[in-house]
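Enquirer: Can you keep this structure in mind? I'll have questions shortly.
The values are calculated or read from the model by the stated rules, or taken from the named source; none is laboratory data. These figures come from a predicted structure and were not determined experimentally. We place every Cβ from the backbone using ideal geometry, glycine too, and count neighbours over all the protein chains shown.
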Amino acid sequence: MVHNSFFSDWNQIHAYILKFEGEGVVTRTFRRLDPERQQAIVEAILDEAIEKGPTSINIKQVAERAGVAVGSLYQYFNNREGLLTFATRLSTGLMTDAFQMIEPYLRDMPLEDALRAYLMGGMEWGDTMTGLVQFVARAAYTGDPVLAQSVVQPIADAMLEIVKNLLTAAQNRGELRPDLDLDATARTVNALIIAVGDSQLLPYLNNYFCVTDESMPLERVIDSVVDLVTSGIVKSNQKKFK
């Protein structure tokens with residue numbers, strides 16, 4: 001079943017269903033199902049998407065997970081492409097929602113703690129959503145124009161926004177150097193975080209970036225990344241003594 005951390009409550013999912021019905025992604029028949037049946041189908045779709053990636057889900061497996069006939073799914077989504085569009089857009093929406101949910105907690109932390117929590121928490125979260133997160137990472141590197149607009153851009157914008165907000169909060173607390181170019185720094189830090197994270201999601205990237213291996217654990221790299229960033233942008237009198 002879908003992990004509870006992936007979405008906050010059914011109202012969040014239902015809001016997407018209403019939006020997608022208006023756009024023709026799902027049918028009125030699906031929207032009129034009782035909430036328990038809707039939820040079983042959505043969780044089955046997300047479980048498949050998390051395990052395999054939204055564009056690789058198996059409709060028969062979705063039907064089996066949800067306890068419905070394959071024909072019923074076609075009544076709810078018109079065709080296989082409709083179901084895949086629903087899975088992709090819902091997954092993307094919920095991932096961007098997840099960033100918005102965690103940001104207030106990180107924003108109140110000292111920057112060094114916030115960056116470490118963001119990096120480590122993101123990797124731990126990714127381990128529970130392997131297929132979905134790998135799908136997003138692959139989409140980012142394939143250059144597919146459809147996926148770039150519908151999947152990659154919203155998630156990329158959300159990731160950059162959270163880093164900007166963490167830096168802005170740190171700046172407002174007086175942690176950062178006054179001469180810092182905040183926008184450029186946010187992009188640089190965001191790119192560094194993505195490089196470390198994606199190298200662990202896609203092994204072929206790790207072969208190129210050489211982030212981790214048997215002698216270099218991820219935790220050690222994360223500590224080094226946080227130290228590198230904060231040493232460059234945090235006021236010297238704000239650095240923690242170790």
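Enquirer: Are there helices (runs of 4 or more DSSP H) fully within segment 30-127 with at least 2 residues that are within 21 Å of the chain's Cα centre (by Cα)? List them.
Expert: In segment 30-127, the matching helices (runs of 4 or more DSSP H) lie at 35-52, 80-107.
Enquirer: How many residues are at pLDDT 85 or above and in a loop (DSSP other than H, G, I, E, B) if we restrict to segment 1-29?
Expert: Result for segment 1-29: 5.
Enquirer: Test of understanding: among 71, 131, 82, 126, which residue is in the same structural domain as residue 151 (by TED's automatic domain parsing) and out of contact with any Leu (no Cβ under 8 Å at 6 or more places or on another chain)?
Expert: Numbers: 71 fails: in the same structural domain as residue 151 (by TED's automatic domain parsing); 82 fails: in the same structural domain as residue 151 (by TED's automatic domain parsing); 126 fails: out of contact with any Leu (no Cβ under 8 Å at 6 or more places or on another chain).
Criteria check complete, one pass: 131.
Enquirer: Residues 200, 153, 171: which one is free of Cβ contacts under 8 Å to residues at least 60 places away in the same chain, at negative phi and either in contact with a helix residue (DSSP H, G or I) (Cβ under 8 Å, 6 or more places away or on another chain) or not assigned by TED's automatic domain parsing to the domain that holds residue 133 (or both)?
Expert: Working: 200 fails: free of Cβ contacts under 8 Å to residues at least 60 places away in the same chain; 153 fails: either in contact with a helix residue (DSSP H, G or I) (Cβ under 8 Å, 6 or more places away or on another chain) or not assigned by TED's automatic domain parsing to the domain that holds residue 133 (or both).
After ruling out the rest, the residue left standing is 171.
Enquirer: Now, a different point. Pairs needed: first member in segment 35-61, farther than 24 Å from residue 137 by Cα; second member anywhere, of a type in the set (Ser, Thr, Tyr) and modelled with pLDDT of 85 or more; C-beta distance under 8 Å; at least 6 residues apart or different chains.
Expert: 41/76
Enquirer: A follow-up question, please. What are the residues in segment 35-45 that are touching a helix residue (DSSP H, G or I) at 6+ places or on another chain (Cβ under 7 Å) and either crowded, with 22+ Cβ neighbours inside 10 Å or under 13 Å from residue 64 (Cα atoms) (or both), if any?
Expert: 40, 41, 42, 44, 45
Enquirer: Collect the residues in segment 193-212 that are farther than 15 Å from residue 223 by Cα, modelled with pLDDT of 95 or more and polar (S, T, N, Q), keeping them in residue-number order.
Expert: Result: 206, 207.
Enquirer: Being part of a helix (DSSP H, G or I) and crowded, with 17+ Cβ neighbours inside 10 Å narrows it down to one of 148, 158, so name that one. If you could, list the steps in order and put the result at the bottom.
Expert: Values: 148 fails: crowded, with 17+ Cβ neighbours inside 10 Å.
Only one candidate qualifies: 158.
Enquirer: Here's something else I'd like to know. Got at least one residue in segment 15-28 being surrounded by 14 or more Cβ atoms within 10 Å (Cβ to Cβ), within 18 Å of residue 70 (Cβ to Cβ) and touching a residue at least 40 places away in the same chain (Cβ under 8 Å)?
Expert: The answer is yes; a qualifying residue exists.
Enquirer: To continue, here is another question. Restricting attention to segment 62-90, which residues are free of Cβ contacts under 8 Å to residues at least 40 places away in the same chain and among the small types (Gly, Ala, Ser)? If you could, list the steps in order and put the result at the bottom.
Expert: Looking only at segment 62-90, we keep the residues that are free of Cβ contacts under 8 Å to residues at least 40 places away in the same chain, and these are 62-74, 79-81, 83-84.
Result: 63, 66, 67, 69, 71, 72.
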